[in-house]
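Notes for the one structure printed next.
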Amino acid sequence: MIWGLGTSHIPAIGAAMDNGKTGELYWKPLFDGYAPARDWMRANRPDVAIIVYNDHANSVDLDVVPAFGIGTAESYRVADEGWGHRPVPDVVGAPELSEHLVRQLIDDSFDIATFNQLDVDHGLTVPLSVFCPDPGETWPCAVVPLLVNVIQYPQPTAARCLALGRALGRAIRTFPQDIRVAVFGTGGMSHQLAGARAGLINTPFDRMFLDAIETDPASLANLNREDYIREAGTEGIELIMWLVMRGALGDRIRRVHDAYHVPASNTAAGLVLFDVLEPGELVPE
Ligand code: DHB
Ligand code: FE
């Protein structure tokens with residue numbers, strides 16, 4: 001494992017890139033905040049990205065809602081979310097790694113659903129664009145989608161997400177092939193798209209989360225789903241997916257970069273990038 005990225009997956013961020021608006025006054029500060037992370041990630045290219053995300057009832061309808069799932073396909077088409085398919089490449093899978101992760105996680109008592117066919121929505125493609133703004137014909141790495149239900153009650157607990165991440169880290173480390181893996185946690189930060197509190201942003205909570213995801217993820221795992229929804233909004237509970245990423249990285253990490261910008265669309269956009277230290281490399285003070 002080489003690095004972990006936490007990032008919002010707001011569809012308007014993808015649309016700003018697709019429509020050449022990143023230099024406009026509204027968007028420039030957000031994309032300027034991404035630049036150091038992008039430079040660093042470009043220099044540290046993974047072979048496979050495990051992208052922890054949620055489908056927003058675009059590809060997976062609400063008739064079947066697994067708590068956790070892993071895509072096992074050779075490739076994933078970009079979903080049409082109602083305004084056409086984003087002008088970005090289809091996503092190449094890593095089926096051998098997917099099968100290994102499913103087996104290891106089930107043996108580790110996480111009952112994972114498998115998605116043998118899946119279209120991927122903005123929850124996965126926008127983080128890929130945050131990582132790589134100009135993919136050309138193909139994304140720079142293969143992808144394993146890891147789906148979490150954050151849209152229908154009862155969502156898995158934050159503690160379960162952190163524990164899943166730890167198990168995911170163990171599973172990645174036992175994969176027999178020598179590959180460079182990055183883990184993305186996506187969604188958040190504070191936002192609520194509908195209802196009486198639509199437009200909710202809670203900057204003190206987001207700042208606390210950006211700090212604690214590095215230094216004290218257990219404190220974030222102790223919050224319950226109502227805490228997340230009260231503090232971060234009905235869609236802010238997407239932040240539990242960052243805990244899967246954080247759990248996978250283990251204790252020996254270094255923060256490379258973070259960024260926070262309000263608003264992007266209706267949402268507080270956050271980013272945090274962690275380097276996973278090599279054995280023998282010192283943990284910074
Ligand atoms: C927005 C944010 C999301 O996380 C999402 O899934 C859809 C829309 C928004 O802010 O517009
Ligand atoms: Fe979302």
So which residues in the stretch 250-273 are within 16 Å of ligand 1 (Cβ to nearest atom) and aliphatic (A, V, I, L, M), if there are any at all?
VAL262, ALA264, ALA268, ALA269, LEU271
Could you give me the residue pairs with C-beta distances under 6 Å whose first residue belongs to the stretch 14-39 and is modelled with pLDDT of 95 or more, whose second residue is in a helix (DSSP H, G or I) and open to solvent by less than 40 Å² (accessible area, probe 1.4 Å) wherever it lies, and which are 6+ apart or on separate chains?
GLY14/HIS122; GLY14/VAL126; GLY14/SER129; MET17/SER129; THR22/ALA16; THR22/PHE31; TRP27/ALA16
Tally up the residues in the stretch 185-200 that are over 21 Å from GLU214 (Cβ atoms) and surrounded by 24 or more Cβ atoms within 10 Å (Cβ to Cβ), please.
1
Quick check: is even one residue across the stretch 168-184 of a type in the set (Gly, Ala, Ser), open to solvent by less than 50 Å² (accessible area, probe 1.4 Å), in contact (Cβ under 8 Å) with a residue 60 or more places away in the chain and touching a Cys at 6+ places or on another chain (Cβ under 9 Å)?
yes
Residues (open to solvent by less than 60 Å² (accessible area, probe 1.4 Å) and assigned to a loop (DSSP other than H, G, I, E, B)) located in the stretch 211-225:
LEU223
Taking the stretch 46-65 and keeping only residues that are loosely packed, with under 15 Cβ neighbours inside 10 Å and either in contact with a Gly (Cβ under 9 Å, 6 or more places away or on another chain) or of a type outside the set (Val, Ile, Thr) (or both), one is left with ALA57, ASP61, LEU62, ASP63
Is there a residue being closer than 18 Å to GLY4 by Cα and crowded, with 19+ Cβ neighbours inside 10 Å anywhere in the stretch 107-120?
no
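The values are calculated or read from the model by the stated rules, or taken from the named source; none is laboratory data. Quick caveat: nothing in here was measured; it's all calculated off a predicted structure. Counting neighbours? That spans all protein chains shown, and the Cβs are built from the backbone with ideal geometry, glycine included. For accessibility, only protein heavy atoms count, side chains too; no ligands or nucleic acids. Shrake-Rupley method; radii C 1.70, N 1.55, O 1.52, S 1.80 Å.
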